[in-house]
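Visitor: Here you go, one structure.
The values are calculated or read from the model by the stated rules, or taken from the named source; none is laboratory data. Model, not experiment: these values are computed from the prediction. We place every Cβ from the backbone using ideal geometry, glycine too, and count neighbours over all the protein chains shown. For the accessible areas, the whole protein counts, side chains as well, though only heavy atoms, and no ligand, DNA or RNA atoms are used. Shrake-Rupley method; radii C 1.70, N 1.55, O 1.52, S 1.80 Å.
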Amino acid sequence: MKNSPAALFSVRDVYHDLALRPVERSCLRRTECCQFKLTGRTPQLTRGESLLAAQAFRATGRKNLPEPTDGSCPFLQSQTQKCLIYESRPFGCRTHYCQAAGGPLERKEILHLIRQLEHLDAELGGDGPHALPQAVTWALSER
Ligand code: SF4
C-alpha cells in the first residue's frame, strides 16, 4: 500500500493534469453543485481524494466535519458560501460543471484520469468511490 504522502502527491498530479487541459467551461462559483439535496447529486470520492480533502480540512484548524442540515456539502461555509478546501476539492467538483458554467465534462474525456484515481484507490485498499461526507469521515478517522 502506498504511504499517504505519495498517495496525496498522486492525487494532486491527477488534478494538475486535469487543470492543464483546455476546457470550454467556466466555473462561476455559484456553488449550485455544492447543494447536494438540491441537485440530487453528491460527489463520489476515491480514497486518495478523501485523504487529500481531509488533509486540507485539518489544515484549516478544524477537527470535526460539519453536518449541514440543509443538505449542502460539509465543506461549504454557510456564511461566505465558499468552499473550505477549494484548492483540494475532489475530482467530481472539478469536472461536474453546472449548466451555467457549460455543463459536466463527458466521462470519456476524462476516463484515463478517473482510472488513475481508481487504481490509486485499489492500492490504498479501497473498494471504490463513496459519497463525500462518508468518504471524508473515513479519511479523518485515518489521519
Ligand atoms: S468540496 Fe467544495 S467545491 Fe466540492 S461540493 Fe464541497 S463545497 Fe463544493
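Visitor: Going through ALA7, ALA53 one at a time, which residue ends up being touching a Pro at 6+ places or on another chain (Cβ under 7 Å) and either of a type in the set (A, V, I, L, M, F, W, C) or surrounded by fewer than 12 Cβ atoms within 10 Å (Cβ to Cβ) (or both)?
Guide: Testing whether each residue is touching a Pro at 6+ places or on another chain (Cβ under 7 Å) and either of a type in the set (A, V, I, L, M, F, W, C) or surrounded by fewer than 12 Cβ atoms within 10 Å (Cβ to Cβ) (or both) leaves just ALA53.
Visitor: Oh, and also: Tell me the residue from THR46, THR137, THR95 that is among the hydroxyl-bearing types (Ser, Thr, Tyr), in contact (Cβ under 8 Å) with a residue 40 or more places away in the chain and in contact with a strand residue (DSSP E or B) (Cβ under 9 Å, 6 or more places away or on another chain), please. Step through it out loud before you land on a result.
Guide: Details: THR137 fails: in contact with a strand residue (DSSP E or B) (Cβ under 9 Å, 6 or more places away or on another chain); THR95 fails: in contact with a strand residue (DSSP E or B) (Cβ under 9 Å, 6 or more places away or on another chain).
Of THR46, THR137, THR95, the one residue that is among the hydroxyl-bearing types (Ser, Thr, Tyr), in contact (Cβ under 8 Å) with a residue 40 or more places away in the chain and in contact with a strand residue (DSSP E or B) (Cβ under 9 Å, 6 or more places away or on another chain) is THR46.
Visitor: With the requirement that a residue be open to solvent by 70 Å² or more (accessible area, probe 1.4 Å) and outside any loop (DSSP other than H, G, I, E, B), what does region 124-138 give you? Reasoning before the result, please.
Guide: Taking region 124-138 and keeping what is open to solvent by 70 Å² or more (accessible area, probe 1.4 Å), we get 127, 130, 134, 137.
Listed by number, the residues that qualify are HIS130, GLN134, THR137.
Visitor: Separate question: For THR42, state whether it is of a type in the set (Val, Ile, Thr), open to solvent by 20 Å² or more (accessible area, probe 1.4 Å) and under 29 Å from PHE9 (Cβ atoms).
Guide: On the way: of a type in the set (Val, Ile, Thr): yes; open to solvent by 20 Å² or more (accessible area, probe 1.4 Å): yes; under 29 Å from PHE9 (Cβ atoms): yes.
Judged against the criteria, THR42 is a match.
Visitor: For region 103-116, does any single residue satisfy the condition of being surrounded by fewer than 16 Cβ atoms within 10 Å (Cβ to Cβ), in contact with a Ser or Thr (Cβ under 9 Å, 6 or more places away or on another chain), modelled with pLDDT under 95 and of a type outside the set (Lys, Arg)?
Guide: yes
Visitor: Quick one: in region 69-95, which of the residues that are more than 30 Å from HIS112 (Cβ to Cβ) and near the ligand (Cβ under 10 Å from one of its atoms) is most open to solvent (accessible area, probe 1.4 Å)? Don't jump to the end; show me each part of the working.
Guide: So in region 69-95, the residues more than 30 Å from HIS112 (Cβ to Cβ) come out as 69-72, 77-82.
Those left that are additionally near the ligand (Cβ under 10 Å from one of its atoms): 72, 77, 81-82.
On the way: SER72: 13, GLN77: 57, GLN81: 78, LYS82: 130 Å².
Ranking the candidates gives LYS82 first.
Visitor: Please state which one of LEU113, LEU120 is in contact (Cβ under 8 Å) with a residue 12 or more places away in the chain and in contact with a Phe, Trp or Tyr (Cβ under 9 Å, 6 or more places away or on another chain). Show your work before the answer.
Guide: Values: LEU120 fails: in contact with a Phe, Trp or Tyr (Cβ under 9 Å, 6 or more places away or on another chain).
Answer to the selection: LEU113.
Visitor: Hey, another quick one. Just one of the numbered conditions (1) within 19 Å of VAL11 (Cβ to Cβ); (2) outside any helix (DSSP H, G or I) is not true of ASP70; which one?
Guide: Among (1) within 19 Å of VAL11 (Cβ to Cβ); (2) outside any helix (DSSP H, G or I), ASP70 violates only (1).
Visitor: Still on this structure, I have one more. Got a sec? Which of ARG62, ARG29 is closer than 17 Å to LEU140 by Cα and open to solvent by 60 Å² or more (accessible area, probe 1.4 Å)? Even if it seems obvious, please write down each step before you answer.
Guide: Values: ARG29 fails: closer than 17 Å to LEU140 by Cα.
Only one candidate passes the filter, namely ARG62.
Visitor: Further, regarding this structure: Only residues that are at pLDDT below 90 and aliphatic (A, V, I, L, M): list them for region 18-37, please.
Guide: Passing the criteria: VAL23, LEU28.
Visitor: If we keep just the residues of region 37-49 that are within 11 Å of the ligand (Cβ to nearest atom) and of a type in the set (Ser, Thr, Tyr), which is nearest to ALA6 (Cα to Cα)?
Guide: Quick first cut of region 37-49, residues within 11 Å of the ligand (Cβ to nearest atom) only: 39, 41-43, 45, 49.
Among the residues that remain, those that are also of a type in the set (Ser, Thr, Tyr) are: 39, 42.
On the way: THR39: 34, THR42: 27 Å.
Restricting to residues being within 11 Å of the ligand (Cβ to nearest atom) and of a type in the set (Ser, Thr, Tyr), the top hit is THR42.
Visitor: Hey, can you tell me all the residues within region 10-26 that are open to solvent by 100 Å² or more (accessible area, probe 1.4 Å) and either in contact (Cβ under 8 Å) with a residue 40 or more places away in the chain or hydroxyl-bearing (Ser, Thr, Tyr) (or both)?
Guide: Answer for region 10-26, where residues must be open to solvent by 100 Å² or more (accessible area, probe 1.4 Å) and either in contact (Cβ under 8 Å) with a residue 40 or more places away in the chain or hydroxyl-bearing (Ser, Thr, Tyr) (or both): ARG12, GLU24.
Visitor: With the condition kept exactly as written, say whether any residue in region 106-120 is in a helix (DSSP H, G or I) and within 11 Å of the ligand (Cβ to nearest atom).
Guide: Looking through region 106-120, none of the residues is in a helix (DSSP H, G or I) and within 11 Å of the ligand (Cβ to nearest atom).
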